[in-house]
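Right, I'll just put the structure down here and ask away after.
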Amino acid sequence: MAERTRVIIADDESIIRMDLREMLTNLGYLVVGEINDARSSVHAARELRPDVVIMDIKFEGEDYDGIDAARVLTEEKIAPVLLLTAYSQRELVVRAREAGVVGYLVKPFREADLVPAIEVALARFQEFQTMEKQVGDLEEALETRKFVDRAKGILQDSQGLTEAEAFRKIQKMSMNTRKPMKDVAEAIILAQQTQQTGFF
């Protein structure tokens, strides 16, 4: 796993970047970028598409910090962010969680801390992506169900069908026309609305 894992390091202290690069290289990770400010780390990640970004929270003299960058990388589904921190302030932890940060490394850290932190970050990011996909599918299913329920009600009223019969009819129309059930349901609803307005 480590041999294939591409890493960007973002820290404004060159000594930290150098130490990290050496540790990661020793562990078999591939360092594809070393960045000294948060904004540039976002641009680099967009371009280089790393597997993980290890980023400091604070950058000297910048109002844009590692948490701001992490939020962008998470929203754009680019890479998980592992935050380097010497801070344990509550508001930073809350902000980081809301930004989708998947892990932390507390300074000073050792080489032995890196592998578990990176593997956990990669695993959590994968879980987030899977959950997001499930939520997307769920939203689509709920949207479909809403239309199908309305269409079932229309068929029950207009054709004297039971709820189960109305559902089977929509299902059969969907198969016969090779259209999603949502499309069939919308057509039934539209036809009924058109009838009501006298255009049908």
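The values are calculated or read from the model by the stated rules, or taken from the named source; none is laboratory data. On a predicted model such as this, the values are computed, not experimentally measured, just so you know. Virtual Cβ from ideal backbone geometry, glycine too; neighbours counted across all protein chains shown. These accessible areas exclude ligands, DNA and RNA; they are computed on the full protein's heavy atoms, side chains included. Shrake-Rupley method; radii C 1.70, N 1.55, O 1.52, S 1.80 Å.
Go through region 149-200 and give me each residue that's of a type in the set (Asp, Glu) and more than 34 Å from the chain's Cα centre (by Cα).
Asp157, Glu163, Glu165
Please go through region 40-67 and pick out each residue that is buried (at least 17 other Cβ atoms within 10 Å of the Cβ), over 16 Å from Leu20 (Cβ atoms) and acidic (Asp, Glu).
The answer is Asp65, and nothing else.
Pairs please, first residue from region 147-174 and more than 12 Å from Ile189 (Cα to Cα), second anywhere and among the charged types (D, E, K, R) and open to solvent by 60 Å² or more (accessible area, probe 1.4 Å), Cβ atoms under 9 Å, 6+ apart in sequence or on different chains.
Matching pairs, first to second residue: Gln156/Glu163; Gln156/Glu165; Gln159/Glu165; Gln159/Lys169; Leu161/Arg168; Leu161/Lys169; Met173/Lys179; Ser174/Asp183.
Restricting to region 12-39, give me the number of residues that are open to solvent by less than 40 Å² (accessible area, probe 1.4 Å), over 16 Å from Glu111 (Cα atoms) and part of a helix (DSSP H, G or I).
Residues meeting the conditions: 1.
Output yes when any residue across region 115-137 is modelled with pLDDT under 90 and more than 30 Å from Met55 (Cα to Cα), and no when none is.
Among the residues of region 115-137, at least one is modelled with pLDDT under 90 and more than 30 Å from Met55 (Cα to Cα), which makes the answer yes.
Test Glu111 against the stated conditions and say whether it is in contact (Cβ under 8 Å) with a residue 12 or more places away in the chain, more than 16 Å from Ile8 (Cα to Cα) and not small (Gly, Ala, Ser).
Yes; evaluated as a whole, the condition is true for this residue.
Could I ask something else about it? Give region 68-101 a look and list any residue that's at pLDDT below 80, outside any helix (DSSP H, G or I) and either open to solvent by 50 Å² or more (accessible area, probe 1.4 Å) or among the aliphatic types (A, V, I, L, M) (or both), or say none.
Ala86, Tyr87, Ser88, Gln89, Ala99
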